[in-house]
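**Q** Quick one: this structure, given as structure tokens, is what I'll be asking you about.
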Amino acid sequence: MEQLEKLKEFRDLGLSEKVLKVLSKKGYESPTPIQRLTIPALLKNDKDIIGQAQTGTGKTAAFSLPIIENFENLEYIQAIVLTPTRELALQVAEEMNSLSTSKKMKVIPVYGGQSIDIQRKLIKTGVDVVVGTPGRVIDLIERKLLKLNSLKYFILDEADEMLNMGFIEDIEKILTFTNEDKRMLFFSATMPDEIMKVAKNHMKEYEVLAVKSRELTTDLTEQIYFEVNERDKFEALCRIIDLTKEFYGIIFCR
Ligand code: AMP
């Protein structure tokens, strides 16, 4: 009970008790800045949204919680999330599943490298949300395994990475298979012109929700970087680890 009381800030964003219960189980205490901006906008009006948010800022929950809050058990795919990599597709699908309040809500990742047959079988069982990489999504559409003509949400995750990886044409192509009256959400760490162009061409009325840069990082973490030559990268990393007493860390790489 006390835990649910603590979640007041989430409640104030417009989330219901059943969602708060899941958040409490996951140990979330208060919304992150991008969640504060995005969740009420998604729940209370119907504009399209461009959210400026880095990885690790809670953007997955920012777009997933309103979808979960408004989930209805329907016969068709209600939301698609496009991600630049299969790792992100898996991560987003897992996060959405872990936040879901209904056993009926089915979220599946689709990505190149996994057998189409497995994905065909999963889709056939009835799916509500598909999280996928652009190439595989197009493949599934062209094989008539995936229908995106009744979407409520079309979400681009890490839109700037999509652009860097040359996926813009694929995204435009996927959009041609979708219904007009869907809500579009783009999330991106930066806002390059090409992404804004896609937004202007395809979004209806939209708002840009940006987290102030001072809120992007936390004061409790000191951030440092080392400029090294590509060939010295590994050696430098080993030295940093050797120099740091009781090194506990996560190393992110491509
Ligand atoms: P993301 O930016 O979506 O990749 O999220 C980064 C991590 O933060 C994930 O492990 C989330 O489960 C976690 N997270 C998201 N929102 C919150 C929150 N409000 N409180 C605590 N952890 C969160």
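**Q** Residues with amide H under 5 Å of PHE186's amide H, sequence separation 5 or more or different chain, H placed in the peptide plane at 1.01 Å from N; which?
**A** Excluding prolines and chain starts, which carry no amide H, the hits are ILE49, ILE50, GLY51, LEU156.
**Q** Show me the trypsin sites (Lys or Arg not before Pro) within segment 69-173 that DSSP assigns to loop and that have at most 13 other Cβ atoms within 10 Å of their Cβ.
**A** Listed in order of number, the matching sites are LYS103, LYS104, ARG143, LYS144.
**Q** Now, a different point. As a check on your grasp of the helix formula, calculate [θ] at 222 nm for the chain: sum -39500 (n - 2.57) over DSSP H runs of n ≥ 4, divide by the residue count, round to the nearest 500. Could you put the intermediate results ahead of the total?
**A** On the way: 12 runs with 111 residues, N = 254.
Result for the chain: -12500 deg cm²/dmol, rounded to the nearest 500.
**Q** Right, another one. Relative contact order for segment 71-162 using alpha-carbon pairs under 8 Å, separation at least 6, rounded to a whole percent?
**A** So the answer I get is 47 percent.
**Q** If you put +1 on each Lys and Arg Cβ and -1 on each Asp and Glu Cβ, how big is the dipole of the chain around its Cα centre, in Debye rounded to 20? Before the final figure, lay out the partial values.
**A** Working: 36 positive and 40 negative charges, 195 e Å.
Charge dipole of the chain: 940 debye, to the nearest 20.
**Q** Note down the relative contact order for the chain as a percent, whole number, built from C-alpha pairs under 8 angstrom at least six residues apart.
**A** On the way: 353 pairs, mean separation 58.4, N = 254.
It comes to 23 percent, rounded to a whole number.
**Q** Go ahead and collect, in residue order, the members of segment 107-135 whose backbone nitrogen is under 16 Å from a label point 7 Å along the Cα-Cβ direction of THR55.
**A** Correct set: 132-134.
**Q** Further question on the same structure: Explain nothing, just the number: relative contact order of segment 141-254, from Cα pairs under 8 Å at least 6 residues apart, as a whole percent.
**A** Relative contact order here is 25 percent.
**Q** Towards the positive end of the charge dipole of the chain, with charges on Cβ (+1 Lys, Arg; -1 Asp, Glu), say which of VAL211, THR190, LEU175 has the farthest Cα.
**A** Final value for the positive-end residue is LEU175.
**Q** Arranged by the count of other C-beta atoms within 10 angstrom, fewest first, what order do ASP242, ASP157, ASP128, ASP139 take? Working shown, then result.
**A** Values: ASP242 9, ASP157 26, ASP128 23, ASP139 17.
So the ranking, lowest neighbour count to highest, is ASP242, ASP139, ASP128, ASP157.
**Q** Using the Cα gyration tensor of the chain, with a ≥ b ≥ c the square roots of its eigenvalues, what is the shape: rounded (a/c below 1.5), prolate (a/b larger than b/c) or oblate (neither)? Walk me through the numbers before you get to the answer.
**A** Values: a/c = 1.55, a/b = 1.21, b/c = 1.28.
It is oblate, given that a/c is not under 1.5 and a/b is not larger than b/c.
Every read-out reported here was derived from the displayed coordinates using simple, explicitly stated rules and does not represent laboratory data. Everything numeric here is computed off the predicted structure, so don't read it as measured data. Quick reminder, even Gly has a Cβ in these numbers, built from the backbone with ideal geometry, and neighbours come from all protein chains shown.
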